[in-house]
1. Consider the stretch 163-173. How many of its residues are more than 17 Å from residue 10 (Cβ to Cβ) and either of a type in the set (A, V, I, L, M, F, W, C) or at pLDDT below 90 (or both)?
2. What are the residues in the stretch 1-34 that are in contact with a strand residue (DSSP E or B) (Cβ under 8 Å, 6 or more places away or on another chain) and of a type outside the set (A, V, I, L, M), if any?
3. How many residues, within the stretch 2-24, are polar (S, T, N, Q) and buried (at least 17 other Cβ atoms within 10 Å of the Cβ)?
4. Which one is nearest to residue 88 (Cα to Cα), of the residues in the stretch 103-121 that are assigned to a loop (DSSP other than H, G, I, E, B) and in contact (Cβ under 8 Å) with a residue 24 or more places away in the chain?
5. Do you know which residues across the stretch 122-181 are outside any helix (DSSP H, G or I), over 27 Å from the mean Cα position of the chain (by Cα) and acidic (Asp, Glu)?
6. Look at the stretch 1-57 and say how many of its residues are part of a helix (DSSP H, G or I) and under 24 Å from residue 149 (Cα atoms).
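The values are calculated or read from the model by the stated rules, or taken from the named source; none is laboratory data. Predicted model, so just to flag it, every value in this text is computed and none were measured. Here the Cβ positions follow ideal geometry from the backbone for every residue, glycine too, while neighbour counts run over all protein chains shown.
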Amino acid sequence: MINDLLEEADTKMDQAFEHTVQEFSGVRTGRANAGILNRVTVDYYGTQTPLQQLASFSVPEARMLIVQPFDKSSIAAVERAIQAADLGLNPSNDGNIIRLAFPSLTEERRRELIKVVRGLAEDGKIAVRNVRRHCKDLIEAEEVSEDDVHRAEKVLQELTDAHVGKIDDALTRKEDELLEV
């Protein structure tokens, strides 16, 4: 039973890590990245629809992202949704595609984004520690010897440390990406 609890904790910690990395992709760097549009939803015939379901994306050059809606009649709604998302991008359309030019980030903006990314990383670490605490409570409630509880808590702490380390590594990579000129 304890092994099942540890496997479940590992899975939930993996999910917390993946969520944190996904949140990192939503932070804009100086380069074009379709991940920034992950949270954009479009009012498509009265239904809020994720942009990924309505358009394809391409990056023809480092600072340009092309959004090509599958349905040409939805281009105005897609453009409005991108503007409403407040991403710091100004979309321009030619009737068939929407171009998003990524301006260079100022040093001050880079520092602000690093603070945001660090906050996201801390949220991810808190999620991992919450999983650890919950699993630890369940392990202590089990009818097993103190030695088994101690061993399981040691393994649980190793899992926690490994996942926090993965989040720290992802944070370091994202900070380097933000500081890259």
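1. 2
2. 33 - this is the single residue of the stretch 1-34 that is in contact with a strand residue (DSSP E or B) (Cβ under 8 Å, 6 or more places away or on another chain) and of a type outside the set (A, V, I, L, M).
3. Here the count works out to 1.
4. 103
5. Once the filter is applied, which keeps residues that are outside any helix (DSSP H, G or I), over 27 Å from the mean Cα position of the chain (by Cα) and acidic (Asp, Glu), the stretch 122-181 yields 142, 143.
6. 13
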